[in-house]
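Here the structure comes first, spelled out in structure tokens, and everything after it is commentary.
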Amino acid sequence: MYRIFSILESALTSASISILWLLVSILIIINIDTSNAMANTVNIVEIVPHRSPDYGVNQELNQINLGVEVAYEDFTNQYGQQCKCRLNKIIDHGTEDELYRTIKKIAVNMTTDDNSYKKRVIVGISRTNFARLAANAASRTSLLGISMGAATTKLREINPNFVSIVSPWEKQWETIVQAMKESNCLKENTIGIFDKENILSNNFQEAYMKSFKNPNKYWINIATDARFSELITNKSCIFFGTYFSLAKHYLQLLASKHWKGTVFGTGDWNYFSKEVKNTLREFPSEKIKGVIAPTGWKSNNSEKIKAFVKKLNIKRKIEISPAAVYAYDATIIGMATSCNLIDSRHYNYSLLKKLPLLREYYGIASSGNYLSAMYLVDFKKE
């Protein structure tokens, strides 16, 4: 009898061990599947018009895609064991209505009192009008937004959950006007060229009028070559408070007329640094002393940026524009926010310092724009 019980006990023990191993295997599989399912999702949303006179849309989308790609790699290498993230990339051409529907879909079923551990984040929306639209679409929800552009938009007034990675346009103007003063640009020898139909240009126009006290100005919308040539007579400083796409023709005209002086542009010109340099090569003029614009980054101002530029050159062999740099930092901040490492809405130097960011930030303006150093680039020298 004892032997029979021993055999039964042994059989039950073997069966228990088998069942135990089966349960362990199932748990491992569930854990693997769950870890993927539980990964924090960061939505990269950059939808731009099919036709845009402001910049080379395809080039900018490529730069943004590259910046996002490298940011994902770097963040995962540093925090992959601590927090898993996946990217849902929506980088394409489209309309404002398509962007609005996209943001609504991402924000669905989210309310302002949603304090769940997993934050839903969107990164992108670099164009001013589209950033405003996205902020409106996500109002009264807990969706967090990080714009890669929108220097002119006070996003926080529209939606307190939305911020921008770029400094407000006022910081650009402070840098420009200081450079103009150092170049002895006075009311008498300076003219400002502006675009009535652009919000950013109108902002620059107002700032220009205050700084130079009723100076010479001209609206590019009604410009003719003859009138422009007349206006620049006896002027040695010209500020183009417009996108480069509008200023390009007049830069060519200045060179062809052997105009002598210094040209100042806006931060937008850095997105087209290659095109600006090509224009200066095609229309060379020794009399143009400089073509200067503000920028939020320079390719040689930190070891981190040098390494980033080198990495992207290896990947695509292209000249890096600010779009890639801003996309990188915005994605890092978006992923860190999704993982609860930081909160994109609030500035914390010690927490930001731990992230693999390319630029240093010293605060967030009341508008919701992150604050960082501004530099000058002279396209005739660099």
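The values are calculated or read from the model by the stated rules, or taken from the named source; none is laboratory data. Keep in mind that this is a model prediction, so the values were computed, not measured. Please note: Cβ atoms are built from the backbone with ideal geometry, for glycine as well, and neighbour counts cover all protein chains shown.
What the table below lists for this structure:
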{"item": "From K311, K289, K353, K317, residue being more than 20 Å from the chain's Cα centre (by Cα) and not assigned by TED's automatic domain parsing to the domain that holds I220", "result": "K317"}
{"item": "The one condition in (1) modelled with pLDDT of 95 or more; (2) out of contact with any helix residue (DSSP H, G or I) (no Cβ under 8 Å at 6 or more places or on another chain) that D329 fails to fulfil", "result": "(2)"}
{"item": "Subset of segment 192-203 (residues that are surrounded by fewer than 19 Cβ atoms within 10 Å (Cβ to Cβ) and in contact (Cβ under 8 Å) with a residue 24 or more places away in the chain)", "result": "K196, E197, I199"}
{"item": "Of the criteria (1) assigned to a strand (DSSP E or B); (2) farther than 23 Å from F379 by Cβ, which one N202 fails", "result": "(1)"}
{"item": "Options K260, K353, K306: the member that is among the basic types (K, R), over 18 Å from D74 (Cα atoms) and out of contact with any Leu (no Cβ under 7 Å at 6 or more places or on another chain)", "result": "K260"}
{"item": "Residue ID - modelled with the lowest pLDDT, chosen from residues in segment 257-275 that are under 17 Å from C237 (Cα atoms) and among the hydroxyl-bearing types (S, T, Y)", "result": "T266"}
{"item": "Criterion (modelled with pLDDT of 90 or more and over 19 Å from H346 (Cβ atoms)) met by exactly one of S183, S164, S147, S142", "result": "S183"}
{"item": "Residues of segment 208-230 classified as buried (at least 19 other Cβ atoms within 10 Å of the Cβ) and either among the aliphatic types (A, V, I, L, M) or assigned by TED's automatic domain parsing to the domain that holds T152 (or both), total", "result": "1"}
{"item": "Boolean, I158 is within 15 Å of A330 (Cα to Cα) and modelled with pLDDT of 90 or more", "result": "no"}
